[in-house]
Structure formats: C-alpha cells, structure tokens
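**Student:** Let me begin by handing over the structure; questions about it come next.
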Amino acid sequence: MAINVVTVNVNGVRAAFRKGMAEWLAESGADIIALQEVRADDKDLNELFTANPPAHGGQWHILHDAASAKGRAGVALISKVPATDSRTELGPDDFDSAGRWLEADFAVGDKTLTVISTYVHSGEVDTPKQVEKYKFLEAMQARMAQLIANGGYAVVVGDLNVGHTELDIKNWKGNLKNAGFLPEERAYFDTIIHQQGWVDVGRAAHPDVAGPYTWWSYRGQAFDTDAGWRIDYQLATPNLASLAKNYRVHRAASYDTRWTDHSPVSVDYSL
C-alpha cells in the first residue's frame, strides 16, 4: 500500500487557496499533506478543506498547531484518515515551539507511520531571530535522535530553512554568510543525516545534482532563471526511506501560476 506524503509551505493558507491551491489539491493524489506557515485559525482550515474534499470521496482530517503570535507560522497535517495520536511538545518547557512542530501517528495496515510537519525559523545573522533558530535546531536534533532510536517508520517533513550543501542553493557562494547557509546551521544537518542516520529522500533521489529547488524568491527573475533553494525536505528513518519512491517537486508551470513561493514536495511510501 503506497501512502503519498506531501509537504508545502503555503505562505498563508487562505491566500494559497485564493491563488489556486484548490486546483492543485484536487489533482494531487495526496494521502497526508503537511503544511507550514498556515497563518490562519482552525475555523479557516476547516472551511477550506471541507469545501475541497478528497477527489474520491470522504473528508479531510485536520490537525493544526498555531503559533503563539496570531498570523505567524503555524503547522498542520491534513489526512484522508484520522491520526491515532498527535504531539506538539518540543524542547524544554520554557521553549516556545508553538506553530512549528506537529507530530502525528497513522495506522497503515499493521504498521505505524509517524509524520512530523515542521517549520524552522528563517533566522537573521547577529539578531535574536538567529538565536531562536539555533534553539529550535537543537531541540529538533534532540527529538530526531529519540525518534530514530525508536526504530519505527517516521518522516520529518517541512520548510527547514537551511540548504544543507552547495547543491541545495543556486547562488551558494553569495550566501555563505547569510542565514540559511551558515556553516553552523548546516552542521545540524550533518549530525542528523551523517551521525543519526536520517535519510534525505530528495537527495537520495537526486544524488550529485543541483536541486531540484523548492523555493524561489518572488523578487526579480529567481523563478524564471531557477535561482532557487532546496529548503523543503522529507527526512525519513532508514527503514521508511527504503520504501520511498516517486520523489517529486511540483514546480509551477510559470511564475504567474504559483500559489506559494514554495513548491509541494511529494513522496510515495510503499508500506
């Protein structure tokens, strides 16, 4: 049984639906959709996805963790079947991760699939924003160590706001001192992938090639010239990664047909 998992930063879910997300949703074939930067409340999500049910019947089941500040961040998991359990705890008790980390367990036959929708801070060098980003990356790294130690089927997906290697950013030389490509940020990914053992499904599908990119600035000609960043990931435990196929970046056909500045990233997991 193949489960299609999609992740996308919607850059505001209400705006995304106004710009064409509903049409993509109807054709996506997604079983589980992880959203980041929802920037809406439960009522908005319920109305939008009730009005746009799965193509072959049924209804969407919605889990949503909003940010502490209204209109900021927010992560969600939209699924064809309800989750059996969900969690939002991350890091120490005094750490505010609201709207940035949402775990859910799904029963797939006799297996449990854990999907985490996460939205890492964008950061800004030498500011409190960068301090918060490092706090979050530390907490994420610690939780991912626990998850992989459990030996189950888990995948951490979302906008992780870090390009791991030079292959992940078109203009990597010009971003060596900018948030998103700092050596200190990339070191967290070295630990998660090379030491903990998580598999970057996108890179495994496209080894030793640039991209495929998942985010392009709205400014200038970034989209038309493919001057993008690969910052939207699916990081799977090894046993789940071995069942992954059909990695795909749903890049819009043209600049004016985009409904977010990111592209959905989908993977089929043959559970």
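The values are calculated or read from the model by the stated rules, or taken from the named source; none is laboratory data. Being a predicted model, the structure only gives us computed values, none of them experimental. All Cβ positions, glycine included, derive from the backbone under ideal geometry; neighbour counts span all protein chains shown.
**Student:** Of all the strands (runs of 3 or more DSSP E) wholly in region 83-126, which have at least 1 residues that are touching a Pro at 6+ places or on another chain (Cβ under 9 Å) and among the hydrophobic types (A, V, I, L, M, F, W, C)?
**Tutor:** Filter on region 83-126 gives 101-108.
**Student:** Which of the residues belonging to region 43-78 are β-branched (Val, Ile, Thr) and within 20 Å of THR114 (Cα to Cα)?
**Tutor:** ILE62, VAL75, ILE78
**Student:** Among the residues that make up region 236-248, is at least one of them at pLDDT 95 or above, more than 28 Å from TRP198 (Cα to Cα) and not aromatic (Phe, Trp, Tyr)?
**Tutor:** No, there is no match, as no residue in region 236-248 is at pLDDT 95 or above, more than 28 Å from TRP198 (Cα to Cα) and not aromatic (Phe, Trp, Tyr).
**Student:** Six or more apart or on different chains, Cβ atoms under 7 Å: show the pairs whose first residue is in region 213-234 and without any contact (Cβ under 8 Å) to a residue 24 or more places away in the chain and whose second is surrounded by 15 or more Cβ atoms within 10 Å (Cβ to Cβ).
**Tutor:** Matching pairs, first to second residue: ALA222/TRP216; ALA222/GLY228.
**Student:** If only one of GLY163, GLY151 is touching a strand residue (DSSP E or B) at 6+ places or on another chain (Cβ under 7 Å), assigned to a loop (DSSP other than H, G, I, E, B) and touching a residue at least 40 places away in the same chain (Cβ under 8 Å), which one is it?
**Tutor:** GLY163
**Student:** Which residues, taken from region 245-271, are more than 24 Å from ARG186 (Cα to Cα) and assigned to a strand (DSSP E or B)?
**Tutor:** Within region 245-271, LYS245, ASN246, ASP268, TYR269, SER270 meet the criteria.
**Student:** Looking at PRO183, is it touching a strand residue (DSSP E or B) at 6+ places or on another chain (Cβ under 9 Å) and without any contact (Cβ under 8 Å) to a residue 60 or more places away in the chain?
**Tutor:** no
Residue by residue, here is whether (1) without any contact (Cβ under 8 Å) to a residue 24 or more places away in the chain; (2) exposed (fewer than 13 other Cβ atoms within 10 Å of the Cβ); (3) in contact with a strand residue (DSSP E or B) (Cβ under 6 Å, 6 or more places away or on another chain); (4) more than 23 Å from VAL13 (Cα to Cα) holds:
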position	(1), (2), (3), (4)
GLU37	no, no, yes, no
LEU45	no, no, yes, no
TRP60	yes, no, yes, no
ALA66	no, no, no, no
LEU77	no, no, yes, no
ASP85	yes, yes, yes, yes
LEU113	no, no, yes, yes
TYR134	no, no, no, yes
MET140	no, no, no, yes
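**Student:** Right, next: Just checking, does region 28-40 include any residue being part of a loop (DSSP other than H, G, I, E, B), under 20 Å from the mean Cα position of the chain (by Cα), modelled with pLDDT under 95 and not small (Gly, Ala, Ser)?
**Tutor:** The answer is no, given that none of the residues of region 28-40 is part of a loop (DSSP other than H, G, I, E, B), under 20 Å from the mean Cα position of the chain (by Cα), modelled with pLDDT under 95 and not small (Gly, Ala, Ser).
**Student:** Identify, by number, the condition in (1) surrounded by 15 or more Cβ atoms within 10 Å (Cβ to Cβ); (2) under 28 Å from ARG251 (Cβ atoms); (3) in contact with a strand residue (DSSP E or B) (Cβ under 7 Å, 6 or more places away or on another chain) that GLY29 doesn't meet.
**Tutor:** Going through (1) surrounded by 15 or more Cβ atoms within 10 Å (Cβ to Cβ); (2) under 28 Å from ARG251 (Cβ atoms); (3) in contact with a strand residue (DSSP E or B) (Cβ under 7 Å, 6 or more places away or on another chain) one by one, GLY29 breaks only (1).
**Student:** Oh, and also: If I ask for residues that are in contact with a helix residue (DSSP H, G or I) (Cβ under 9 Å, 6 or more places away or on another chain) and surrounded by fewer than 22 Cβ atoms within 10 Å (Cβ to Cβ), which ones from region 208-221 would you list?
**Tutor:** Those that are in contact with a helix residue (DSSP H, G or I) (Cβ under 9 Å, 6 or more places away or on another chain) and surrounded by fewer than 22 Cβ atoms within 10 Å (Cβ to Cβ): ASP208, VAL209, ALA210, GLY211, PRO212, TYR218, GLN221.
**Student:** Can you find a residue in region 238-258 that is within 18 Å of TRP172 (Cβ to Cβ) and free of Cβ contacts under 8 Å to residues at least 60 places away in the same chain?
**Tutor:** No, region 238-258 contains no residue that is within 18 Å of TRP172 (Cβ to Cβ) and free of Cβ contacts under 8 Å to residues at least 60 places away in the same chain.
**Student:** Specify the residue that is surrounded by the fewest Cβ atoms within 10 Å (Cβ to Cβ); the eligible residues are those in region 190-207 that are part of a loop (DSSP other than H, G, I, E, B) and touching a residue at least 12 places away in the same chain (Cβ under 8 Å).
**Tutor:** This residue is GLY197.
**Student:** Taking the stated definitions as given, is ALA55 over 26 Å from ALA236 (Cα atoms), in a loop (DSSP other than H, G, I, E, B), hydrophobic (A, V, I, L, M, F, W, C) and touching a residue at least 24 places away in the same chain (Cβ under 8 Å)?
**Tutor:** Yes: the conditions hold for ALA55.
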